[in-house]
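Step one of this worksheet: look at the structure below.
The values are calculated or read from the model by the stated rules, or taken from the named source; none is laboratory data. The shown structure was predicted, so the numbers you read here are calculated from the model rather than taken from an experiment. Virtual Cβ from ideal backbone geometry, glycine too; neighbours counted across all protein chains shown.
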């Protein structure tokens with residue numbers, strides 16, 4: 001089967017064997033697979049002598065075969081892959097054996113994927129396979145950040161720096177559906193306009209004076225994923241007693257901030273990573289109820305992996321990038 005994999009820390013496109021399934025596994029014929037920034041970092045995390053590893057955490061496809069003990073799905077079912085491995089029940093933190101699909105296990109950038117039946121869910125009927133391939137890391141991360149950690153409710157004002165990411169393009173309509181006012185930021189005028197068209201109430205330039213621009217706003221929740229470049233500016237616009245949720249660091253990981261200002265403001269800082277199967281299913285129910293369709297920036301074939309990863313790295317997209325696989 002054709003696959004995009006890492007060998008000697010280099011991304012390759014080539015032929016690998018179709019994976020075998022165990023008694024409780026399913027074989028998914030991948031129709032489409034979504035890209036994430038994680039796919040840029042994985043090659044550097046592998047040793048040069050590591051065995052080839054298929055990249056990719058998100059995908060949608062058709063059940064091609066099932067193990068002898070599989071009961072939840074059957075051959076022919078259209079499914080979405082849940083990349084949050086072995087985290088089933090909603091909890092404050094994931095279990096000790098939690099991992100994200102594609103490290104150390106083979107991922108989704110291939111024509112076939114073997115995975116536990118516990119890691120697939122029925123594809124919402126209104127979604128194409130390309131759209132469904134994005135319902136993994138980004139929306140699950142966004143759902144937990146907004147709903148579970150941020151506890152966003154009607155009347156809240158939510159600030160989301162970085163308007164063009166796949167997570168942000170999911171969080172904007174999610175927060176709006178909860179009755180929140182949504183403010184975003186981006187360095188790109190085109191992304192700011194696109195965010196407004198998606199439902200954001202206000203879009204700030206990254207180089208604007210956020211304190212001045214938001215002087216008349218009361219920001220209840222900030223959801224941060226940019227890192228050092230925006231962390232302190234985000235904290236500065238958060239109200240006294242507000243909550244800052246962090247789920248990523250697109251720029252530098254390390255930040256310094258004024259502890260005294262923070263604790264006198266009685267603010268709350270929460271970390272968040274991906275989410276549980278309970279949250280994944282709740283997120284799918286929300287998608288169906290809202291007839292929501294993910295934002296797709298562009299699609300590629302597996303043969304175009306180098307171009308797709310390069311475009312992902314320069315971070316110019318608005319929405320998700322997707323490989324179309326078995327058409």
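If only residues of the range 103-119 that are surrounded by fewer than 24 Cβ atoms within 10 Å (Cβ to Cβ) and within 17 Å of the chain's Cα centre (by Cα) are counted, the one that is nearest to residue 56 (Cα to Cα) is 103. Among the residues of the range 275-327, those identified as touching a residue at least 24 places away in the same chain (Cβ under 8 Å), in a helix (DSSP H, G or I), in the same structural domain as residue 110 (by TED's automatic domain parsing) and surrounded by 15 or more Cβ atoms within 10 Å (Cβ to Cβ) are 302, 305, 308, 309, 312.
The requirement of being crowded, with 21+ Cβ neighbours inside 10 Å and over 26 Å from residue 303 (Cα atoms) is fulfilled somewhere in the range 86-99, by at least one residue.
Those residues that are out of contact with any helix residue (DSSP H, G or I) (no Cβ under 6 Å at 6 or more places or on another chain) and at pLDDT 95 or above, I need them from the range 40-57; list them, please. The answer is 53, 54, 56.
Determine, yes or no, whether residue 3 is buried (at least 20 other Cβ atoms within 10 Å of the Cβ), within 24 Å of residue 284 (Cβ to Cβ), touching a helix residue (DSSP H, G or I) at 6+ places or on another chain (Cβ under 9 Å) and in contact (Cβ under 8 Å) with a residue 40 or more places away in the chain. The answer is no for residue 3. Applying the criterion of being closer than 23 Å to residue 327 by Cβ and assigned to a strand (DSSP E or B) to the residues of the range 29-60, the residue that is farthest from the chain's Cα centre (by Cα) is 29.
Only strands (runs of 3 or more DSSP E) whose full extent lies in the range 151-206 are considered here, and the ones with at least 1 residues that are within 19 Å of the chain's Cα centre (by Cα) and within 29 Å of residue 92 (Cβ to Cβ) are 157-161, 181-186. For the range 230-245, indicate whether the set of residues that are closer than 22 Å to residue 41 by Cβ and assigned to a helix (DSSP H, G or I) is non-empty. Yes, some residue in the range 230-245 is closer than 22 Å to residue 41 by Cβ and assigned to a helix (DSSP H, G or I).
Which count do you get for residues in the range 236-250 that are more than 22 Å from residue 37 (Cβ to Cβ), surrounded by 13 or more Cβ atoms within 10 Å (Cβ to Cβ) and out of contact with any strand residue (DSSP E or B) (no Cβ under 6 Å at 6 or more places or on another chain)? Counting residues in the range 236-250 that are more than 22 Å from residue 37 (Cβ to Cβ), surrounded by 13 or more Cβ atoms within 10 Å (Cβ to Cβ) and out of contact with any strand residue (DSSP E or B) (no Cβ under 6 Å at 6 or more places or on another chain) gives 1.
Of the set (1) closer than 24 Å to residue 56 by Cα; (2) in the same structural domain as residue 298 (by TED's automatic domain parsing), all apply to residue 168 but (2).
When 13, 26, 18 are checked against the criterion of being farther than 20 Å from residue 322 by Cβ, at pLDDT 95 or above, in contact with a helix residue (DSSP H, G or I) (Cβ under 9 Å, 6 or more places away or on another chain) and assigned by TED's automatic domain parsing to the domain that holds residue 123, a single residue qualifies: 26. Could we say that residue 253 is within 23 Å of residue 164 (Cβ to Cβ), surrounded by fewer than 17 Cβ atoms within 10 Å (Cβ to Cβ), assigned by TED's automatic domain parsing to the domain that holds residue 168 and free of Cβ contacts under 8 Å to residues at least 24 places away in the same chain here? The answer is no for residue 253. Among the conditions (1) farther than 19 Å from residue 269 by Cβ; (2) in contact with a helix residue (DSSP H, G or I) (Cβ under 8 Å, 6 or more places away or on another chain); (3) modelled with pLDDT under 95, residue 224 misses just one, which is (1). If you check 63, 80 for being touching a residue at least 12 places away in the same chain (Cβ under 8 Å), under 16 Å from the mean Cα position of the chain (by Cα) and part of a strand (DSSP E or B), only one passes: 80.
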